[in-house]
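Notes for the one structure printed next.
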Amino acid sequence: MSNNAIIEIGRIAELFRYPIKSMAGIAIESSFLGWHGLGGDRRFAFRRVNEQGGFPWLTASRLSALLCYQPSGHDNNIEEPLPTHVRTPAGAELPLHSEELRQELAEQFGSDLELMRLNHGIFDEAAVSVISASTIEGVARELGYELDRRRFRPNIVLETNQKKIFCEDDWVGGTLIFGDEEYGAAVNVTLRDLRCVMINFDPDTAQNDSYVLKAVGRLNKGNAGVYGTVVRTGILNVGQTVSLKRN
């Protein structure tokens, strides 16, 4: 086999986008993968007004309750699938740009916030995050109980042919190709995903389980999944085959 051989490694099991950074994700069946990630992914975030450092965004690591806020609605006047409202944990449906939503979050956080929109997305490391179902299942086995895949906040969950925990580590430096090998969307896998406390939080309740991050630390030095950069745009669909090209 040549170094740049293309081999099929599995299929897309789930797709997620997160319209507002650190708020609840949305499971989708299909999405356009553009140069800045999945359409509508992480285009909004609440900025900590008094933060002078290089990472001003409010995340669930600072306010875990953010995970219980659900983006909703759809702005029909724009090309990307962006939300118009947010459903609060109390069940209220508030306009995304409303003072009521901003003030509710600011009061919980304890400091002033403002909503920001960036067309290129607001990402920590790269525009696309990928993890295999076998990695999540392997961590769950270590813990002795089932883990919700959403806890890892992936864009793409793969059902891989080889059921190997942390198989994504072997993809770094290669290219994932979705669907047609010549024309399908493609992502260069650039680095492993070094996890933070975000994976400790239950996606429905925001309850903290510190054993999750500790398990990933023991098993793989804190890494679970990978980040990638889009090198060819295209459509992603649940069930689509995924191949790996060694560069």
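The values are calculated or read from the model by the stated rules, or taken from the named source; none is laboratory data. Note that this is a predicted model, so its numbers are computed, not measured. Here Cβ is always computed from backbone atoms with ideal geometry, including for glycine, and neighbour counts include all displayed protein chains. Just the protein is used for accessible areas: all its heavy atoms, side chains included, with ligands, DNA and RNA removed. Shrake-Rupley method; radii C 1.70, N 1.55, O 1.52, S 1.80 Å.
Some observations on this one:
- Mean separation of Cα contacts under 8 Å, 6 or more apart, over the residue count of the chain: relative contact order %: 28
- Spatial offset of region 89-133 relative to region 25-80 amounts to 6 Å, using the alpha carbon center of each.
- Heavy-atom surface analysis with a 1.4 Å probe gives the chain a carbon and sulfur content of 47 percent of its accessible area.
- Stretch gain in nm, segment Asn247-Leu115, where the contour uses 0.36 nm per residue and the Cα spacing is subtracted: 43.5 nm
- Note on Asn161 and Glu142: their simple-model spin labels are 2.7 nm apart, each label 7 Å out from Cα toward Cβ.
- Where chymotrypsin sites (Phe, Trp or Tyr not before Pro) in DSSP loops with at most 14 other Cβ within 10 Å are excluded, longest remaining stretch of the chain: 36-144
- Potential lengthening between Val197 and Asn237 on full extension [0.36 nm per residue; Cα-Cα distance subtracted]: 11.4 nm
- Antiparallel bridge percentage (DSSP; both residues within the chain; nearest 5): 90
- The dipole here belongs to the chain: it is taken about the Cα centre, uses +1 on the Cβ of Lys and Arg and -1 on the Cβ of Asp and Glu, and is about 660 debye.
- Along each principal axis, Cα extent of region 103-158, largest first, Å: 41, 28, 14
- Across region 7-150, the convex hull enclosing all Cα atoms gives 151 Å³ per residue.
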